[in-house]
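Down below is the structure, laid out as structure tokens.
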Amino acid sequence: MSKTTIMKKIIYFILIVEISSCTLKENNIKRFDIAAFKKHKQFTMDDTLISMSVHDKFYLEEKRALKDSMVVVRNTYLKYDRTLFGSMKVIYNKAAPIYLDVMKNYDSNGNLIKQHDFDKGFEYSIVDLIKKVKSDCNMQIDTMRKTYYINRDNKNKLYLVKYTITMNDGSYYPYEIIFDGTT
């Protein structure tokens, strides 16, 4: 065998080894941080409280701003390969969680496969409602301290906000505001 042929075979062999040992570029695939989960189930990073838990078929990661926000970013990851399966924003309140904006589901390659718009049919979102009530009524309804209940009536396209005002003497007064979600 000539030196050129041997060199070609060596280069070919090195290329095969390099290609076979390469992992696919995963720019769009988000994975659950198992090391962080094993170290801390709950921790703070950049003014955000991060809580992690494990369930039958998935890992759950929830992120909430420390500034008393009720809005939680909730990511679910498939347990078998730790890839992001779903992402949504939610407000936990006394009655039941209320889902915000768009819920997204992904395949194992990180591609968006399904989405559900919770604000469909409404002229403005719950986030817009929160801003409107703050500017028009000077009330912060997205804090856990004051808001009792926020919900949407999809059939009638209404938003319902129930809240309490606590007086200096400890007594409180419940209030209810209904907003037309189409105007």
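The values are calculated or read from the model by the stated rules, or taken from the named source; none is laboratory data. Just so it is clear, the structure is predicted and the values come from calculations on it, not from any experiment. FYI the Cβ positions are ideal-geometry reconstructions off the backbone, even for glycines, and counts take in every protein chain you see. SASA here: full protein model, heavy atoms, side chains in, ligands and nucleic acids out. Shrake-Rupley method; radii C 1.70, N 1.55, O 1.52, S 1.80 Å.
Quick notes on this structure:
- Within the range 1-35, being modelled with pLDDT of 85 or more and either outside any loop (DSSP other than H, G, I, E, B) or open to solvent by less than 80 Å² (accessible area, probe 1.4 Å) (or both) holds for Arg31, Phe32, Asp33, Ile34, Ala35.
- Residue count for the range 51-91, restricted to those that are among the β-branched types (Val, Ile, Thr) and touching an Asp or Glu at 6+ places or on another chain (Cβ under 6 Å): 1
- Of all residues in the range 39-56, those satisfying the criterion of being in a strand (DSSP E or B) and open to solvent by 80 Å² or more (accessible area, probe 1.4 Å) are Gln42, Thr44, Met45.
- Any hit, the range 128-139, residues being touching a helix residue (DSSP H, G or I) at 6+ places or on another chain (Cβ under 6 Å), modelled with pLDDT under 80, under 27 Å from Ser87 (Cβ atoms) and open to solvent by less than 80 Å² (accessible area, probe 1.4 Å): no
- Boolean, Ile113 is surrounded by fewer than 14 Cβ atoms within 10 Å (Cβ to Cβ), closer than 22 Å to Ser87 by Cα and aliphatic (A, V, I, L, M): yes
- In the range 57-86, of all residues being over 16 Å from the mean Cα position of the chain (by Cα) and closer than 22 Å to Val127 by Cβ, the one that is most open to solvent (accessible area, probe 1.4 Å) corresponds to Lys67.
- Number of residues in the range 152-181 that are touching a residue at least 12 places away in the same chain (Cβ under 8 Å) and at positive phi equals 1.
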